[in-house]
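Before any comments, here is the structure.
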Amino acid sequence: MTPTIAKIIWLAFMVAWVVLRQRPGHRSRRTPVSYSGRDIRERLLMAASFTGLGIIPSVYLAVHFPRFADYPFVPLLAYLGVAVDVACLWLFWRTHYDLGKNWSVSLDLRERHTLVTTGVYAHVRHPMYSAFWLMALAQALLLPNWIAGLSGFVGFGILFFGRVGREEEMMMRGFGEEYRTYMARTARVVPWVY
């Protein structure tokens, strides 16, 4: 494994992620939204995540900026990054599969929205966020640059900590005691931990 191959692998996994997001069977746009939390705060949180997980590492790949933040490449870490990215893509796919028409990119409840508590949702309430944390970890392992590698943690961390509480409030409003019971038996993003 070389630094160039690690960068190509990071890019290939990002393309695979985009393809997973675009699969028509996972779209729910035809189902009307009954509640949406898509306000300016939500847009800023999404922009922070996109910047850390997409823009900064893409600039690094394209023009090798910021070069001053490079550190020595460690092939073993890059191989670990590939394994983490594979787990991330599987979890993305599985989360979309389990959600079906309930999936949304933002804070939305759709008409006829159902509370999904099976599949990966039997273990954590927010497996999509778990996948994003894995994506940030893979980025840090594949890109040997203190800024580009770690920007995913910062960008997604801003979204996660700025949104997860609001999302759980929305779910409690939408599903009441059923969601509270679900919260009591599951972790947020890491089974049995958090």
request  = List the number of the failed condition for M171; all other conditions in (1) assigned to a helix (DSSP H, G or I); (2) buried (at least 18 other Cβ atoms within 10 Å of the Cβ); (3) under 17 Å from the mean Cα position of the chain (by Cα) hold.
outcome  = (3)
message = Looking at the structure I just gave you, is W192 free of Cβ contacts under 8 Å to residues at least 12 places away in the same chain and either crowded, with 18+ Cβ neighbours inside 10 Å or not in a helix (DSSP H, G or I) (or both)?
response = yes
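So, in segment 174-189, how many residues would count as being loosely packed, with under 12 Cβ neighbours inside 10 Å and on the phi < 0 side of the Ramachandran plot?
To start, the set of residues in segment 174-189 that are loosely packed, with under 12 Cβ neighbours inside 10 Å comprises 176-177, 184-185.
Checking the rest, the ones that are also on the phi < 0 side of the Ramachandran plot come to 177, 184-185.
The total comes to 3.
So, in segment 121-167, how many residues would count as being in a helix (DSSP H, G or I) and within 18 Å of W192 (Cα to Cα)? Let's see the steps before the verdict.
In the first step, residues of segment 121-167 are kept if they are in a helix (DSSP H, G or I); the result is 121-122, 127-142, 146-167.
Now drop any that are not within 18 Å of W192 (Cα to Cα), which leaves 121-122, 127-131, 133-134, 164.
Total meeting the criteria: 10.
Would you be able to say whether some residue in segment 17-26 is in a helix (DSSP H, G or I), in contact with a Gly (Cβ under 9 Å, 6 or more places away or on another chain) and touching a residue at least 24 places away in the same chain (Cβ under 8 Å)?
Taking segment 17-26 and keeping what is in a helix (DSSP H, G or I), we get 17-22, 24-26.
Now drop any that are not in contact with a Gly (Cβ under 9 Å, 6 or more places away or on another chain), which leaves 25-26.
From what's left, touching a residue at least 24 places away in the same chain (Cβ under 8 Å): 26.
Within segment 17-26 (the criterion being in a helix (DSSP H, G or I), in contact with a Gly (Cβ under 9 Å, 6 or more places away or on another chain) and touching a residue at least 24 places away in the same chain (Cβ under 8 Å)), the answer is yes, since at least one residue qualifies.
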Segment 92-118: number of residues that are assigned to a loop (DSSP other than H, G, I, E, B) and among the basic types (K, R) = 1
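Being of a type outside the set (K, R) and within 14 Å of N145 (Cα to Cα) is true for just one of D98, D70, D39, D85. Which residue is that?
On the way: D98 fails: within 14 Å of N145 (Cα to Cα); D39 fails: within 14 Å of N145 (Cα to Cα); D85 fails: within 14 Å of N145 (Cα to Cα).
D70 is the lone residue from the list that is of a type outside the set (K, R) and within 14 Å of N145 (Cα to Cα).
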task = Any chance you could count how many residues in segment 114-165 are more than 20 Å from F13 (Cα to Cα) and aliphatic (A, V, I, L, M)?
result = 8
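Kindly establish whether P144 is within 19 Å of the chain's Cα centre (by Cα) and of a type outside the set (D, E, K, R).
no
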message = Report every pair of residues separated by at least 6 positions or lying on different chains whose Cβ atoms are under 9 Å apart, first residue within segment 86-106 and under 11 Å from L20 (Cα atoms), second assigned to a helix (DSSP H, G or I) and among the aromatic types (F, W, Y).
response = L89/F13; L89/W17; F92/W17; F92/F132; T95/Y121
key: Qualifying residue in segment 60-76 (condition: surrounded by 20 or more Cβ atoms within 10 Å (Cβ to Cβ), among the aromatic types (F, W, Y) and at pLDDT 95 or above)   = yes
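The values are calculated or read from the model by the stated rules, or taken from the named source; none is laboratory data. This one's a predicted model, so the numbers in the text were calculated from it and none came from an experiment. Note that we place each Cβ from the backbone using ideal geometry, even for glycine, and neighbour counts take in every protein chain shown.
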